[in-house]
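The structure appears right after this line, and notes come after that.
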Amino acid sequence: QVQLVESGGGLVHAGGSLRLSCAASGSTFSRYSMGWFRQAPGKEREFVVAISRSGGSSVYADSVKGRFTISRDNGKNTVYLQMNSLKPEDTGVYYCAADAQFAQLQRGRCDYWGQGTQVTVSS
């Protein structure tokens, strides 16, 4: 079992930045690929970014490339999402996810999910 707890969400003006964190506990963090998903009001949850177990590979949704950066610290059992140049369309609940398989995680078929943290970008 893996427990995931997100933090760092909030309200920011367009063009601003936020850094989300996801702290994992309960199992060996380095065994899992990690990712972030988001869900806007009235929309389905969508993939944002994923990072491999070692941190050596990452995949981004086209909508966030060049603006968001994922990283992980296996010593601290934490994954981060640095979000720059935020846009109103980035508004939503951001979920951290974990899965043993990198490909499965990108498809949203994740074994573990956090409870989510709200990000609101005002125009």
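Return the pair list, or none, for Cβ contacts closer than 6 Å from residues in the range 109-123 that are farther than 10 Å from residue 88 by Cα to residues that are acidic (Asp, Glu) and open to solvent by less than 90 Å² (accessible area, probe 1.4 Å), at least 6 apart or on different chains.
Listed by first residue and then by second, the contacts come to 110/99; 111/99; 114/6; 117/6.
Take the residues of the range 107-122 that are open to solvent by 60 Å² or more (accessible area, probe 1.4 Å) and at pLDDT below 95: which is farthest from residue 23 (Cα to Cα)?
Applying the first criterion (open to solvent by 60 Å² or more (accessible area, probe 1.4 Å)) to the range 107-122 yields 107, 109, 111, 113, 115, 118.
From what's left, at pLDDT below 95: 107, 109, 111.
Working: 107: 22, 109: 20, 111: 16 Å.
Restricting to residues being open to solvent by 60 Å² or more (accessible area, probe 1.4 Å) and at pLDDT below 95, the top hit is 107.
Find all pairs meeting these conditions: Cβ atoms under 7 angstrom apart; at least six residues apart or on different chains; first residue within the range 27-45 and at pLDDT below 95; second residue loosely packed, with under 13 Cβ neighbours inside 10 Å and not aromatic (Phe, Trp, Tyr).
27/1
Can you find a residue that is open to solvent by 60 Å² or more (accessible area, probe 1.4 Å), farther than 21 Å from residue 120 by Cα and out of contact with any Phe, Trp or Tyr (no Cβ under 9 Å at 6 or more places or on another chain) anywhere in the range 32-53? Outline the logic, then answer.
First pass over the range 32-53, keeping only residues open to solvent by 60 Å² or more (accessible area, probe 1.4 Å): 39, 41-46, 53.
From the residues that got through so far, the ones that are farther than 21 Å from residue 120 by Cα too are 53.
In the following step, the residues that additionally are out of contact with any Phe, Trp or Tyr (no Cβ under 9 Å at 6 or more places or on another chain) were identified as none.
Looking through the range 32-53, none of the residues is open to solvent by 60 Å² or more (accessible area, probe 1.4 Å), farther than 21 Å from residue 120 by Cα and out of contact with any Phe, Trp or Tyr (no Cβ under 9 Å at 6 or more places or on another chain).
Scan the range 54-63 and tell me whether some residue there is surrounded by 18 or more Cβ atoms within 10 Å (Cβ to Cβ) and closer than 20 Å to residue 3 by Cα.
So far as the range 54-63 goes, no, none of its residues is surrounded by 18 or more Cβ atoms within 10 Å (Cβ to Cβ) and closer than 20 Å to residue 3 by Cα.
Test residue 12 against the stated conditions and say whether it is open to solvent by less than 50 Å² (accessible area, probe 1.4 Å), at pLDDT 95 or above and more than 14 Å from the chain's Cα centre (by Cα). First the steps, then the outcome.
On the way: open to solvent by less than 50 Å² (accessible area, probe 1.4 Å): yes; at pLDDT 95 or above: yes; more than 14 Å from the chain's Cα centre (by Cα): yes.
So residue 12 passes the test.
Would you check if residue 66 is open to solvent by 10 Å² or more (accessible area, probe 1.4 Å) and within 14 Å of the chain's Cα centre (by Cα)? Even if it seems obvious, please write down each step before you answer.
Numbers: open to solvent by 10 Å² or more (accessible area, probe 1.4 Å): yes; within 14 Å of the chain's Cα centre (by Cα): no.
When the stated conditions are applied, residue 66 does not pass them.
Tell me which residues, restricted to the range 79-97, are open to solvent by less than 50 Å² (accessible area, probe 1.4 Å) and more than 12 Å from residue 6 (Cα to Cα). Lay out the reasoning, then the answer.
Taking the range 79-97 and keeping what is open to solvent by less than 50 Å² (accessible area, probe 1.4 Å), we get 79-81, 83, 86, 90-97.
Across the range 79-97, the qualifying residues are 83, 86, 90, 91, 92.
The values are calculated or read from the model by the stated rules, or taken from the named source; none is laboratory data. In this text, all values refer to a predicted model and were calculated from it rather than measured experimentally. No Cβ is skipped: glycine too gets one built from the backbone with ideal geometry, and neighbour counts run over all protein chains shown. These area figures cover heavy atoms from the full protein model, side chains too; ligands, DNA and RNA do not enter into them. Shrake-Rupley method; radii C 1.70, N 1.55, O 1.52, S 1.80 Å.
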